[in-house]
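The values are calculated or read from the model by the stated rules, or taken from the named source; none is laboratory data. Keep in mind it's a predicted model, so treat the numbers as computed, not measured. Here the Cβ positions follow ideal geometry from the backbone for every residue, glycine too, while neighbour counts run over all protein chains shown. Quick note on the areas: whole protein, heavy atoms, side chains included, nothing else; ligands and nucleic acids left out. Shrake-Rupley method; radii C 1.70, N 1.55, O 1.52, S 1.80 Å.
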Amino acid sequence: IFEAIKKEKQEIGYYNLPFQDTTHIKEYAKTVKQKDIAVIGIGGSTLGTYAIYRFLTRTHNFDKRLHFFESTDPIDINSRLERLDLDNTLFIVISKSGTTIETISVFKYLYSKVKIDKKNCLVITESDSKLNDFALANEIKSFEVPKNVGGRFSVFSTVGLVPLAIIGVDIDELLNGCKEAYSGYFEQEVLYNRIMTKARFMAEYKHKFNNNVVFSYAAELEGFNKWYVQLWGESLGKMDNDNTHQGLTPIGLLGPVDQHSFLQLIIQGKRDKTVTFIKIKDFADESRIPDVKLKGLEELDYINNLKFSELINHQADSTIKAVNDLGDIPCDTITIEKVDEFNLAKLMFIYELLTSVVGKFLFINAYDQPGVESGKKILKDKLKKKN
């Protein structure tokens with residue numbers, strides 16, 4: 001399996017993204033004066049960027065804001081549009097193929113509402129796409145998406161790095177986190193053993209434990225959970241070499257909120273789930289539960305003066321122990337050192353590697369999405385007939 005992964009690096013582009021030169025991206029980012037950045041895309045074009053932005057927003061105090069236009073829900077489109085200062089907005093259109101119906105539909109709507117031209121628009125797409133033709137025809141700046149980098153693996157390409165650099169994220173630190181994960185795996189250090197062991201377990205117990213829960217104990221990881229669901233589901237729900245249906249179902253939970261709902265199903269429900277807990281060691285926040293006496297609630301005074309960061313990690317540890325004590329639920333824990341670019345990117349790149357390795361164990365192509373493509377074709381045919 002490891003030899004197959006090493007060979008795959010020659011064809012699959014995401015493996016090599018940590019080593020790219022980011023100079024041209026950072027130089028462009030410095031020229032952007034707009035404060036509102038509207039990112040128009042869907043799926044792999046936005047989920048990774050949102051995951052990183054959501055993770056860093058509270059601690060980094062960016063002076064620019066990202067707005068994500070992903071849905072064709074008209075109420076959602078217009079509510080997001082109302083949050084923009086249209087005279088101070090950069091519109092970034094992201095579509096690898098350049099013909100994504102949802103993305104182009106939303107872009108056309110925004111185009112009808114405000115004058116969009118080379119002064120306030122940026123395109124990120126493949127070099128030979130129809131969207132790039134539009135950019136060239138209108139002298140709009142464009143960044144290329146490498147053909148050998150699939151959408152759900154593209155967050156560390158121009159797809160994610162450009163909008164993140166514009167708002168002030170340290171994209172070199174993102175790539176440094178990826179490099180550490182890359183070297184830890186390919187140089188066969190501790191991370192190699194973790195990934196290979198976990199991937200082999202997932203493959204060998206695919207019928208018994210076919211639901212894979214990520215239980216993230218930090219609101220900042222809500223975007224990561226969404227990104228994981230796409231990465232895992234779209235990559236591993238496939239037909240294998242023998243035309244047998246394969247699939248591992250991703251489930252993203254947030255602690256402690258989902259302790260009061262989904263945890264019941266984990267603890268006493270059917271034994272068909274693995275659970276990975278994700279914790280943050282240092283929240284860089286000293287907020288405490290105040291030493292307030294509430295009449296009638298005196299029995300809870302033992303929580304007074306406790307840091308919220310300590311409370312949430314105690315909650316995580318208690319849940320982890322409750323699951324481990326049962327002895328029949330496969331469980332592991334990942335601890336993120338702190339809320340920064342390096343540590344989140346390392347986590348995300350580890351999950352990309354894990355996805356690729358599981359795909360190899362399952363004898364599937366983790367990089368195509370024929371199930372999604374069939375739905376797209378039906379939609380296009382339906383809309384053409386309607387019009």
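If packing is taken as the average count of other Cβ atoms within 10 Å, what order do 123-131, 371-379 fall into, highest mean first?
Packing order, densest peptide first, comes out as 123-131, 371-379.
Can you sort 189, 139 by solvent-accessible area, 1.4 Å probe, largest first?
Descending order: 139, 189.
Using only the alpha carbons of region 155-198, what is the convex hull's orientation-averaged projected area in square nanometres?
In nm², the orientation-averaged hull projection of region 155-198 is 3.5.
Regarding region 232-284, what is the average projected area of its C-alpha convex hull, in nm²?
Its Cα hull, projected and averaged over all orientations, spans 5.7 nm².
What whole-number volume per residue, in cubic angstrom, does the convex hull of the C-alpha atoms of region 288-369 give?
Looking at region 288-369, the number lands at 177 Å³ per residue.
Taking R0 as 35 Å, what FRET efficiency do you get between residue 109 and residue 211 from their Cβ-Cβ distance, rounded to the nearest 0.05?
0.40
Quick one: which residues, 5 or more positions from residue 143 or on another chain, have an amide H under 5 Å from its amide H? H modelled 1.01 Å from N in the peptide plane, none for Pro or chain starts.
Correct list: 123, 124, 125.
Treat every Asp and Glu Cβ in the chain as -1 and every Lys and Arg Cβ as +1, leave all other atoms uncharged, and give the resulting dipole magnitude about the Cα centre to the nearest 20 debye.
In total the dipole reaches around 1220 debye.
Counting only C-alpha contacts under 8 Å and six or more residues apart, can you give the relative contact order of the chain as a whole percent?
Rounded, it is 20 percent for the chain.
Report D for region 50-120 in µm² per second (integer): Stokes-Einstein, Kirkwood Rh on Cα pairs, 37 °C, 0.692 mPa s.
242
Karplus couplings for region 334-339 from phi (6.51 cos²θ - 1.76 cosθ + 1.60, θ = phi - 60°), rounded to Hz, Gly and Pro as x?
10, 10, 8, 5, 7, 8
Set the Förster radius R0 to 35 Å, insert the Cβ-Cβ distance between residue 58 and residue 11 as r into 1/(1 + (r/R0)^6), and round the FRET efficiency to 0.05.
According to the calculation, E is roughly 0.35.
Ordered by packing density, taken as the mean number of other Cβ atoms within 10 Å over each peptide's residues, highest first, how do 303-311, 29-37 rank?
29-37, 303-311
Between region 135-208 and region 334-371, what is the separation of their alpha carbon centroids in Å?
If we compute the Cα centre of each part, the gap is 8 Å.
What does the charge count near residue 368 come to, summing +1 for each Lys or Arg and -1 for each Asp or Glu among other residues with Cβ under 15 Å from its Cβ?
Here the count lands on +2.
Could you report region 52-188's accessible area per residue, 1.4 Å probe, as an integer in Å²?
Accessible area per residue, region 52-188: 43 Å².
With just the Cα atoms defining each centre, how far is region 248-292 from region 49-121? Give it in Å.
Using only Cα atoms to place each centre, the spacing works out to 31 Å.
Please state the equivalent ellipsoid semi-axes for region 96-252: what are the square roots of 5 times the Cα gyration tensor eigenvalues, largest first, in whole Å?
The three semi-axes for region 96-252 are 35, 20, 16 Å.
Run the 1.4 Å probe and let me know the accessible area of residue 331, rounded to the nearest 10 Å².
Rounded to the nearest 10, the figure is 40 Å².
Would you pull out the residues with amide H under 5 Å of residue 67's amide H, same chain only if 5 or more places away, H placed 1.01 Å from N?
37, 38, 39
Show that you can apply the helix-only estimate: for the chain, add -39,500 (n - 2.57) for every DSSP H stretch of four or more residues, divide by all residues, and state [θ] at 222 nm to the nearest 500.
-14500 deg cm²/dmol
Which of the peptides 338-344, 85-91 is most tightly packed, and how do the rest follow, going by the mean number of other Cβ atoms within 10 Å of each residue?
The peptides rank, most packed first, as 338-344, 85-91.
Among DSSP beta bridges whose residues both lie in the chain, state the antiparallel percentage, nearest 5.
Of those bridges, close to 5 percent are antiparallel.
Rounded to whole Å and ordered largest first, report the semi-axes of the equivalent ellipsoid of region 255-321 derived from its Cα gyration tensor (root of 5λ).
Each semi-axis is the square root of five times an eigenvalue, giving 28, 17, 8 Å.
Once every Cα of region 327-370 carries one equal point scatterer and solvent is ignored, give the base-10 log of I(q)/I(0) from the Debye formula at q = 0.14, 0.28, 0.32, 0.33 Å⁻¹, two decimals.
-0.52, -0.96, -1.06, -1.09
Looking at region 229-344, what % of the alpha carbon pairs are farther apart than 20 Å?
Roughly 59 percent, once rounded to a whole number.
Over all directions, average the projected area of the Cα convex hull of the chain and note it in nm².
Approximately 22.6 nm², given one-decimal rounding.
Kirkwood Rh and Cα-based Rg: tell me the resulting Rg over Rh for region 18-92, rounded to two decimals.
Rounded to two decimals, Rg/Rh equals 0.98.
Using the Cα atoms of region 1-146, I'd like the radius of gyration and the largest Cα-Cα distance, Dmax, both in angstrom.
16.5, 53
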